[in-house]
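Only one structure is covered here, and it is reproduced in the block below.
The values are calculated or read from the model by the stated rules, or taken from the named source; none is laboratory data. Quick caveat, the model's predicted, so the values are computed rather than measured. Quick reminder, even Gly has a Cβ in these numbers, built from the backbone with ideal geometry, and neighbours come from all protein chains shown.
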Amino acid sequence: MPNIPTGGGTGSGYTISQIEEIIAAKFGSAAGAGYVAYAEAHPNLTPQQAGNQYVDIVLAQELGTGIGKAVGIAGGVVTGVPAAAAKGAEKLSWQSIYSELTSRQLWIRVAEGVLGVLLIAIAVAEIGKGTPVGKLAKKVPFV
């Protein structure tokens, strides 16, 4: 909710020009000029009431613009996903899967992982000697 001050230097609240300055400082000179036109089109409202309503309008427009940009960005991503998936599917074949499974690098990484888990199990067993955790680790046959 906007917060146009209710007090001013005149004793009866801010004037239209003072609120125009407040709005222009926050939203730009075009918004300040728009407020003046809005206040003049609604003479039954006090300057503060017109200011609060106008700021509501400005904020709603900014929110709508922001949502539109976000939807546009998300839409671009969503429409790009099927094309990217199709490209990836073209590259995926039984030959590529077979070559990956028979590659030397894959099996080196698998061996590194197995050895890492084994070393962790041995370390836990040694550090936790005499504790329930150490006894549990000793139950692993290769430790």
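Structure above, values below:
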quantity	calculated
Region 35-46 residues that are within 17 Å of Ile22 (Cα to Cα), paired with ones that are among the charged types (D, E, K, R) and part of a helix (DSSP H, G or I) (beta carbon under 6 Å, 6 or more apart)	Tyr35/Glu20; Val36/Glu20
Some residue of region 4-18 being at pLDDT below 85 and either outside the structural domain of Gln61 (by TED's automatic domain parsing) or within 20 Å of Leu63 (Cβ to Cβ) (or both)	yes
Filter result (within 36 Å of the chain's Cα centre (by Cα) and hydrophobic (A, V, I, L, M, F, W, C)) within region 106-116	Leu106, Val110
Filtered residue count, region 79-108, keeping only those that are exposed (fewer than 11 other Cβ atoms within 10 Å of the Cβ) and at pLDDT 80 or above	7
